[in-house]
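Rule-based calculations on the coordinates, nothing more; no lab input. Given the structure is predicted, the values throughout are model-derived calculations rather than measurements. Positions of Cβ are backbone-derived with ideal geometry, glycine not excepted, and every protein chain shown enters the neighbour counts.
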Amino acid sequence: MNKFFYVVLFILISTTFLNAQDWITDFELAKSSAKENNKTIILVFQGSDWCAPCIKLDKEIWHTDEFKAYAKDHFVMLRADFPKRKKNALREAQQQHNNVLAETYNKNGYFPYVVVLDGNGKALGSTGYKKMSVSEYIKVLESFKS
């Protein structure tokens, strides 16, 4: 019984990691990863527990297999979340980190707000939630690189 439990647990954890979007929450780590792997940073400002368009963007784009497969080879995904519910509050250090990102890249406080950055942190373009297919959304993100 104990062995069976561990096998099932291993399978569940493996499946979760294989299907999960690789989100980074540290800007410096995102920049170094982008430079090292010649990728673009996709910085996403979201309110995960209160912003309806943020939740739609998450479900319709970020969590799709098509986007995850593309992002794996082309993007470093950086999340700056601003939850409002107390139960979802971030650690103080993470909240401060996100506040600094917002002061730099999202001065108007838009949610969701997606900023495409190069490996040095230079903003190449920005967008938000758009009702479109995953492939169309990827084209929008890629258009800022040229």
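What is the sum of charges around TYR129, taking Lys and Arg as +1, Asp and Glu as -1, for the other residues whose C-beta is under 12 Å from the C-beta of TYR129?
Charge balance in the 12 Å sphere: +2.
Based on other C-beta atoms within 10 Å, arrange TRP23, TRP62 from fewest to most. Mind showing how you got there, number by number?
On the way: TRP23 15, TRP62 22.
Ordered by Cβ neighbours within 10 Å, fewest first: TRP23, TRP62.
Just VAL134, VAL115, VAL44 to compare: in a GNM of the chain, with alpha carbon springs under 10 Å, which one fluctuates most?
VAL134
Determine which lysines satisfy two conditions relative to LYS31: a Cα distance under 20 Å, and not lying fewer than 8 residues away in the same chain.
LYS39, LYS68, LYS72, LYS122, LYS145
Based only on other Cβ atoms within 10 Å, what is the fewest-to-most ordering of GLU142, GLU92?
Sorted ascending by nearby Cβ count, the order is GLU92, GLU142.
Under a plain spin-label model, where a point goes 7 Å from the Cα along Cα-to-Cβ, how far apart in nm are ALA52 and ALA69?
About 3.2 nm, to one decimal.
Please compute P(r) over all alpha-carbon pairs of the chain, binned at 10 Å starting from zero, and give each bin as a whole-number percent.
11, 38, 34, 12, 4, 1
Set the Förster radius R0 to 41 Å, insert the Cβ-Cβ distance between GLU142 and LYS86 as r into 1/(1 + (r/R0)^6), and round the FRET efficiency to 0.05.
0.60
Round to the nearest 0.05 the FRET efficiency obtained for TRP23 and ASN108 when R0 = 22 Å and r is the Cβ-Cβ distance. Please report the intermediate quantities before stating the final value.
On the way: r = 23 Å, r/R0 = 1.05.
With a Förster radius of 22 Å, E is 0.40.
Taking the DSSP beta bridges in the chain as the whole, what percent of them are antiparallel, to the nearest 5?
50 percent
Counting only residues 5 or more places away or on other chains, whose amide H sits under 5 Å from the amide H of VAL76 once H atoms are built in the peptide plane?
Under 5 Å from the amide H of VAL76 lie the amide H atoms of THR40, ILE41, ILE42, each far enough along the sequence or on another chain.
Going by how many other Cβ atoms sit within 10 Å of their own, how do ARG79, ARG85 line up, fewest first?
The fewest-first ordering by Cβ neighbours comes to ARG85, ARG79.
How far is the Cα center of region 117-133 from the Cα center of region 19-70, in Å?
With region 117-133 and region 19-70 each reduced to a Cα centre, they are spaced 11 Å.
For helix 134-143, what angle does its Cα long axis make with the longest principal axis of the chain, in degrees from 0 to 90 and rounded to 10?
Relative to the chain, helix 134-143 is tipped by roughly 40 degrees.
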